[in-house]
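The values are calculated or read from the model by the stated rules, or taken from the named source; none is laboratory data. Since we're looking at a predicted model, the values are computed, not measured. Here the Cβ is made from the backbone with ideal geometry for all residues, glycine too, and neighbour counts use every protein chain on show. For accessibility, only protein heavy atoms count, side chains too; no ligands or nucleic acids. Shrake-Rupley method; radii C 1.70, N 1.55, O 1.52, S 1.80 Å.
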Amino acid sequence: MRRALELAARGRTSPNPMVGAVVVKRGKIVGEGYHSRAGKPHAEIEALKRAGDKARSADLYVNLEPCCHFGRTPPCTDAIIQAGIKRVIFGMKDPNPQVRGKGMRGLKAKGIIVLSGVLKEECMKLNESFAKVIKTGMPFVILKTAMSLDGKIATRSKDSRWISGELARKHVHKIRDFVDAILVGTETVLKDNPHLTCRLVKRSVKHPVRIILDRRNRIPLKANVFKNSRSQSVIYVTGPEISSARRKALQAKKVEILNGKCGKNGFQIKALLKQLANREMNSILIEGGALLNASAFKAGVVDRVVAFISPILIGGSKAPGFLGGQGVLKVNDAIKLKNLEVKKIGEDLMVEATPCSVE
């Protein structure tokens, strides 16, 4: 099953789940495969193809319950039955109502032994964004920040380069390589002028869609984020007052313009994320400033916090912290986090946690 998970992680499958499969006979791997992209053959099909006749009376390990319906590809359960697999071991049930439990029952009905729940937690974590969208219609949201040991994300002059070290910044690009989209606000673009691309040095790099919030249309058209918008997607979320000239200039750069729903204090983040999920974006990385971070928490859309903490002290009452807004009046009302994981990356600490309100 660990090998199946390793294989699954190679796929670029969104909005589909990541799936790996291993065919084992007499204790030896005779075939393996993974789902590479949506529309391509599923992991089970690839593994069975490589196993050939050796698949008969063999075991099949797969991290997700095999599908039993026609989607972009035919049902995997049919291929498993035809191949003569004796036993299927999978990690987690497919949360998709079209499959959930039906794939398992279909295999059992044909006399195939089925075992489930092997490395269930690891399997669920790998496909947490897929499961979130299926269950709630909302994308899985990771909120990333880099801060000093005293909780500052910039100095009082708004300088923030570089709070985190080189290895920590490289890890952020690994996250970008994994997610479907990056979401930032106006102030981040104005102050940092980022490209928001993935700059990993490897053969296949995924450049997530860049989503720019600019309610008052203050971002200059020469900003770095627009420089390669013809080749790497940018969605520009604007308020109701965008001029026709600005709209035409953005469209000339192949930037998609989205009219966001606005409230008194800015965009309605939850409504926007719902739209993005409907566009088959399962995972969103928020790399914003203090105000966007606070808005995301207030909307209750954050599934995971990834905080890089650098061994420096910035100080100053005017230096911005990780969360803006008014904050809570009492400590007892603070946002509580669970499932803390701490890892040292270079000189920095990476802290991952889940808000307690997230089930």
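Relative contact order of the chain: what whole-number percent is it, with Cα pairs under 8 angstrom and at least 6 residues apart? Before the final figure, lay out each step's value.
Working: 765 pairs, mean separation 56.3, N = 359.
Reported relative contact order: 16 percent.
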Subject >> Largest-first ordering by accessible area, 1.4 Å probe, given options S310, S36 >> reply: S36, S310
Original post:
What FRET efficiency, computed as 1/(1 + (r/R0)^6) with R0 = 22 Å and r the Cβ-Cβ distance, is obtained for R216 and Q268, rounded to the nearest 0.05?
Top reply: 0.90
Original post:
Which value in nm describes the separation of the simple spin-label points at S116 and A334, placed 7 Å from the Cα toward the beta carbon?
Top reply: 4.0 nm
**OP:** Would you mind classifying the chain by shape? Square roots of the alpha carbon gyration tensor eigenvalues, ordered a ≥ b ≥ c; an a/c under 1.5 is rounded, otherwise it is prolate if a/b is larger than b/c and oblate if not.
**Re:** prolate
Subject >> Per residue value of the accessible surface for segment 24-72 (all protein chains in place, 1.4 Å probe), Å² >> reply: 56 Å²
**OP:** State the percentage of accessible surface on segment 195-268 attributable to carbon and sulfur atoms; use a 1.4 Å probe and exclude ligands, DNA and RNA.
**Re:** 47 percent
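Mind running the shape call on segment 1-120? Use the C-alpha gyration tensor, a ≥ b ≥ c as the square roots of the eigenvalues: rounded below 1.5 for a/c, prolate if a/b tops b/c, oblate otherwise. Display every interim value, and only then the final one.
Numbers: a/c = 1.37, a/b = 1.13, b/c = 1.21.
Since a/c stays below 1.5, the shape of segment 1-120 is classed as rounded.
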**OP:** Find the centroid of the Cα atoms in segment 14-88 and in segment 271-317, then give the distance between the two in whole Å.
**Re:** 36 Å
**OP:** First check a/c for segment 153-252, with a ≥ b ≥ c the square roots of the eigenvalues of its C-alpha gyration tensor; if it is under 1.5, answer rounded, and if not, answer prolate when a/b is larger than b/c or oblate otherwise.
**Re:** oblate
Original post:
How high is the relative contact order of segment 1-116, in percent, with contacts defined as C-alpha pairs under 8 Å that are six or more residues apart?
Top reply: 21 percent
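Determine the dipole magnitude for the chain: charges of +1 sit on the beta-carbon of Lys and Arg, -1 on that of Asp and Glu, nothing else is charged, the reference point is the Cα centre, and the result goes in debye to the nearest 20.
Around 760 debye, computed over the chain.
If you roll a 1.4 Å probe over the heavy atoms of the protein chains, what accessible area per residue do you get for segment 175-269, in Å²?
Details: 4950 Å² over 95 residues.
Counting only protein heavy atoms, the per-residue value for segment 175-269 is 52 Å².
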